[in-house]
Every structure is written in C-alpha cells, then in structure tokens.
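The values are calculated or read from the model by the stated rules, or taken from the named source; none is laboratory data. Worth saying up front: this structure is predicted, and the values here are computed from it rather than measured. As a convention, Cβ positions derive from the backbone with ideal geometry for all residues, glycine included, and neighbour counts pool all protein chains shown. Only protein heavy atoms, including side chains, enter the accessible area calculation; ligands, DNA and RNA are left aside. Shrake-Rupley method; radii C 1.70, N 1.55, O 1.52, S 1.80 Å.
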Amino acid sequence: CNLTGWWENDLGSKMQVFKVGKDGTFSGDYHTAVSSTKKPIQPSPLTGSQHLDEDGQCTFGFTVNWKKFSDSTAVFVGQCFKGDDGKEVLHTSWLLREKVDSEPDDWKATR
C-alpha cells in the first residue's frame, strides 16, 4: 500500500500524504470536514509512520495537530487493505484529546 496521495473518508474529511520515506515515515495535511469548534476549519499538519510490508496490507499511525483552529490533537491508527478490485482502502480508529481547564475535567478530555 502506498499512502502517498489523497485519501477521503465517509464524512468527507481528506488527508494528503506528501511522501513516504524509505523508513516508513511520512507527513502531510489533514482537511477535516467535522469540528466542534466555532473557528473556521483549516488544513492541519500530520506526521506518521507506516510498516512497509511486502503483502501491501500495512499498518500505520499518524498524529494531527489541529493548532490552526483548535486546542486539540488527534491520533489515528489503521491498516491498508487491497480489495478484490485492487483498490486500496484504509480502515482507521482515532482518539481526540481536547484541552481542558483543570485536572478534575480530565475525564471529559478524550474522545
């Protein structure tokens, strides 16, 4: 699986991976289509790493820093699959950490 290029999810968010290095590291931009902030959404930088498996169904992970419009950070982990039609599909899970004002509010900071 080559992560380089544009990817889009079911909600319309888009990710662009610029280049995957020989060691599996990559960077890019994440263009989210959903947000709970009242500020305008802007593309946000992402940094990640990918296993470079020979079977093409690699695992990967990346972090998105929403610093341009939010006080939150998200991490994604996933795997690339090749369907019977040869099309590559990414399946991911994510965690979002929002900034809270105090330690007692920590319980509601991660989704």
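Listed values, structure above:
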quantity: Residue ID - surrounded by the fewest Cβ atoms within 10 Å (Cβ to Cβ), chosen from residues in segment 97-109 that are under 19 Å from SER36 (Cβ atoms) and over 16 Å from the mean Cα position of the chain (by Cα); calculated: ASP101
quantity: Inter-residue pairs, beta-carbon under 7 Å, first more than 12 Å from THR63 (Cα to Cα) and free of Cβ contacts under 8 Å to residues at least 60 places away in the same chain and in segment 21-38, second of a type in the set (Lys, Arg) and open to solvent by 20 Å² or more (accessible area, probe 1.4 Å), 6+ apart; calculated: HIS31/LYS14
quantity: Segment 2-15: number of residues that are open to solvent by less than 50 Å² (accessible area, probe 1.4 Å), assigned to a strand (DSSP E or B) and either among the hydroxyl-bearing types (Ser, Thr, Tyr) or on the phi < 0 side of the Ramachandran plot (or both); calculated: 2
quantity: Qualifying residue in segment 42-55 (condition: farther than 21 Å from TRP7 by Cα and either under 13 Å from the mean Cα position of the chain (by Cα) or in a strand (DSSP E or B) (or both)); calculated: no
quantity: Residues within segment 74-96 that are within 14 Å of the chain's Cα centre (by Cα), over 10 Å from GLY61 (Cα atoms) and not hydrophobic (A, V, I, L, M, F, W, C), tallied; calculated: 1
quantity: Verdict on LEU90 being in contact with a Cys (Cβ under 7 Å, 6 or more places away or on another chain) and either modelled with pLDDT of 95 or more or open to solvent by less than 70 Å² (accessible area, probe 1.4 Å) (or both); calculated: yes
quantity: Residue in segment 17-32 that is farthest from the chain's Cα centre (by Cα), counting only those that are farther than 12 Å from THR47 by Cβ, open to solvent by 50 Å² or more (accessible area, probe 1.4 Å) and not acidic (Asp, Glu); calculated: LYS22
quantity: The lone exception for THR37 - which of (1) open to solvent by 70 Å² or more (accessible area, probe 1.4 Å); (2) not in a helix (DSSP H, G or I) it fails; calculated: (1)
quantity: Evaluation of SER70 against (1) open to solvent by less than 60 Å² (accessible area, probe 1.4 Å); (2) in contact with a Phe, Trp or Tyr (Cβ under 6 Å, 6 or more places away or on another chain) (one fails), failing number; calculated: (2)
